[in-house]
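Please see the structure below; I have some questions.
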Amino acid sequence: MKTHFKPLVLALSLTTLMACNANNKKPNPSTELIAETVINANSKENQPEIKVALLLDTSNSMDGLIDQAKAQLWKIVNELSYAKCEGDSPNLKIALYEYGNDNLNAEEGYLRQVIAFSDDLDEISKSLFSLTTNGGNEFCGKVIKTALNQLEWGTSKEDLKLIFIAGNEPYSQGNVSYKDASKLAHQNGVTVNTIFCGDYNQGISAYWKDGADLTHGNYMAINHNEATVHVASPYDDKILELNEKLNKTYVAYGNAGRKKLEMQAEQDINAMSYNKANAVSRTVSKSSRLYKNSSWDLVDAGKEEDFSYDELDEKELPEELKGKSKDEIKTYVEKKAKTREKLQNEIEALNIKRRNYVAKQNTDNTNSLENAMLKALKSQAEKKNYKWE
């Protein structure tokens, strides 16, 4: 019987993780200052990055995989947030493609770019939860080549550029050779990691391992129907209580502000739809450096070096700030910023205790999507001097 895979995550941009200088260059003091004082939705020029493109088969019979992706997104993001490189905390960008779905354009190879490289975690989560499955044709070579040509991979040799493609049909299907696509990836410094949903040896015979080997990537086989295990902790309720307070520190502005605030709440609900522990993982992500909202939140925007209160349009301000002077607005935003920082510190402290508790309780050594992706990410990131706390 033909089975198919349904998208995944995020998530792992999930987050763009700042790639490390493989030559162990000393950090530039001015760069360190910017990293400490600026929260920007876009990476600064000359800063290396980790870019992850997720290519997910959304054909029939793979609902278990997409469930794993949704349930494990925030755990993956959090693990990436603990990465360090030469003392710096890197960022992460994630792109998402779906392929192998009859609802997609046949002339384009039954594939679609769901979201280009982004470090907007809420947008990535929204994109993941929007995916649906339907039977179709899965052309791995075609979707890899498309992602290589459409996405902004950049030319820096210090960037870590990764593709994760998941599915369970023969890797060789379609009129674009996977070998040609792998050659193009290798030429552009992109590593292709393959995730076969099924038996390990079956994936080898279906050329999934060969597809990974051609770019020195990881080949992995997972049980896509395996249920995600979440370990509850004594700290969960308090962290979720702090999340409610954290949400109140956001000051939405501009045309997109209100919609973004609503989307933030929607993704909280999506995370909770799996269970409390998953919602806790999202809260931890929201308190991390990877959660950036300077495009619509005045607190984050105020930390950008090019931000100016003088340029704010009163029409785009929230009701509580309309009619206020520049100094009054600044005072209001700075107060929210201090409250947020305090809450983030409390969440971080509780999460340290939570991680220690979960580590003692957790015996999960399953071959899930999360474990497969993190294993590959870490092994390839460590080649560029990344360390995990």
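Give me the pairs: first residue in region 215-234 and over 16 Å from Gly198 (Cα atoms), second residue in a loop (DSSP other than H, G, I, E, B) and of a type in the set (S, T, N, Q), beta-carbon distance under 6 Å, and six or more apart or on different chains, which are they?
Matching pairs, first to second residue: His230/Asn275; Val231/Asn362.
Quick one: in region 119-131, which of the residues that are hydroxyl-bearing (Ser, Thr, Tyr) and open to solvent by less than 20 Å² (accessible area, probe 1.4 Å) is farthest from Gln264 (Cα to Cα)?
Ser127
Could you pull out the residue among Leu377, Leu350 that is in contact with a Lys or Arg (Cβ under 7 Å, 6 or more places away or on another chain) and within 27 Å of Asn91 (Cα to Cα)? First the steps, then the outcome.
Numbers: Leu377 fails: in contact with a Lys or Arg (Cβ under 7 Å, 6 or more places away or on another chain).
Criteria check complete, one pass: Leu350.
Select, from Gly189, Gly257, Gly211, Gly217, the only residue that is small (Gly, Ala, Ser) and open to solvent by 20 Å² or more (accessible area, probe 1.4 Å). Working first, answer last.
Working: Gly257 fails: open to solvent by 20 Å² or more (accessible area, probe 1.4 Å); Gly211 fails: open to solvent by 20 Å² or more (accessible area, probe 1.4 Å); Gly217 fails: open to solvent by 20 Å² or more (accessible area, probe 1.4 Å).
One residue alone meets the criteria, Gly189.
Now for a different question. Within region 167-186, restricting attention to residues that are touching a helix residue (DSSP H, G or I) at 6+ places or on another chain (Cβ under 9 Å) and open to solvent by 80 Å² or more (accessible area, probe 1.4 Å), which residue is farthest from Ile50 (Cα to Cα)? Give the steps one after another, and end with the answer.
So in region 167-186, the residues touching a helix residue (DSSP H, G or I) at 6+ places or on another chain (Cβ under 9 Å) come out as 167-182, 184-185.
Narrowing the set further to residues that are open to solvent by 80 Å² or more (accessible area, probe 1.4 Å) leaves 175, 179-180.
Values: Asn175: 30, Lys179: 24, Asp180: 24 Å.
Ranking the qualifying residues of region 167-186, first place goes to Asn175.
Quick one: in region 51-69, which of the residues that are open to solvent by 10 Å² or more (accessible area, probe 1.4 Å) and within 17 Å of Asn278 (Cα to Cα) is farthest from the chain's Cα centre (by Cα)? So that I can check it myself, show each step before the final result.
Filtering region 51-69 for residues open to solvent by 10 Å² or more (accessible area, probe 1.4 Å) gives 51, 60-61, 63-64, 67.
Now drop any that are not within 17 Å of Asn278 (Cα to Cα), which leaves 64, 67.
On the way: Gly64: 19, Asp67: 16 Å.
Taking the candidates together, the pick is Gly64.
With the structure loaded, tell me whether Asp268 is within 21 Å of Arg355 (Cα to Cα) and either out of contact with any strand residue (DSSP E or B) (no Cβ under 6 Å at 6 or more places or on another chain) or surrounded by 17 or more Cβ atoms within 10 Å (Cβ to Cβ) (or both) or whether it fails that test.
In short, yes.
Could you go through region 107-118 and let me know if any residue there is touching a helix residue (DSSP H, G or I) at 6+ places or on another chain (Cβ under 7 Å) and on the phi > 0 side of the Ramachandran plot.
As a first pass, look at region 107-118 and keep what is touching a helix residue (DSSP H, G or I) at 6+ places or on another chain (Cβ under 7 Å): 109, 111, 113-115, 118.
Restricting the remaining residues to those that are on the phi > 0 side of the Ramachandran plot gives 109.
Checking region 107-118: at least one residue is touching a helix residue (DSSP H, G or I) at 6+ places or on another chain (Cβ under 7 Å) and on the phi > 0 side of the Ramachandran plot.
Which ones in region 132-161 are outside any helix (DSSP H, G or I), surrounded by fewer than 23 Cβ atoms within 10 Å (Cβ to Cβ) and of a type in the set (A, V, I, L, M, F, W, C)?
Leu151, Trp153
Looking for something within 13 Å of Leu56 (Cα to Cα) and in contact with a strand residue (DSSP E or B) (Cβ under 9 Å, 6 or more places away or on another chain) - is there at least one such residue anywhere in region 155-163?
Yes; the residues of region 155-163 include at least one that is within 13 Å of Leu56 (Cα to Cα) and in contact with a strand residue (DSSP E or B) (Cβ under 9 Å, 6 or more places away or on another chain).
Please state which one of Ser233, Ser182 is over 19 Å from Lys142 (Cα atoms) and not acidic (Asp, Glu).
Ser233
Only residues in region 274-290 that are under 13 Å from Gln264 (Cα atoms) count as the first member; pair them with residues that are open to solvent by less than 20 Å² (accessible area, probe 1.4 Å) and outside any helix (DSSP H, G or I), Cβ under 9 angstrom, at least 6 apart or cross-chain, and list the lot.
Pairs found: Ser285/Leu14; Ser285/Thr15; Ser285/Tyr291.
Another question, then. Just one of Tyr291, Tyr274 is under 22 Å from Leu121 (Cβ atoms), in contact with a His (Cβ under 9 Å, 6 or more places away or on another chain), assigned to a loop (DSSP other than H, G, I, E, B) and not charged (D, E, K, R); which is it?
Going through Tyr291, Tyr274 in turn, the sole match is Tyr274.
When the residues of region 78-88 are narrowed to those that are out of contact with any strand residue (DSSP E or B) (no Cβ under 6 Å at 6 or more places or on another chain) and part of a helix (DSSP H, G or I), which ends up surrounded by the fewest Cβ atoms within 10 Å (Cβ to Cβ)? Steps first, please.
The first filter runs over region 78-88 and keeps only residues out of contact with any strand residue (DSSP E or B) (no Cβ under 6 Å at 6 or more places or on another chain), leaving 78-79, 81, 86-88.
Filter once more, so that each one left must be part of a helix (DSSP H, G or I): 78-79, 81.
Working: Asn78: 23, Glu79: 19, Ser81: 21.
Filtering first and then ranking leaves Glu79.
The values are calculated or read from the model by the stated rules, or taken from the named source; none is laboratory data. Nothing here was measured: the structure is a model prediction, and the numbers come from that model. Every residue, glycine as well, gets a Cβ built from its backbone with ideal geometry; the counts of neighbours run over all protein chains shown. The accessibility values were calculated without ligands, DNA or RNA, using every heavy atom of the protein model including side chains. Shrake-Rupley method; radii C 1.70, N 1.55, O 1.52, S 1.80 Å.
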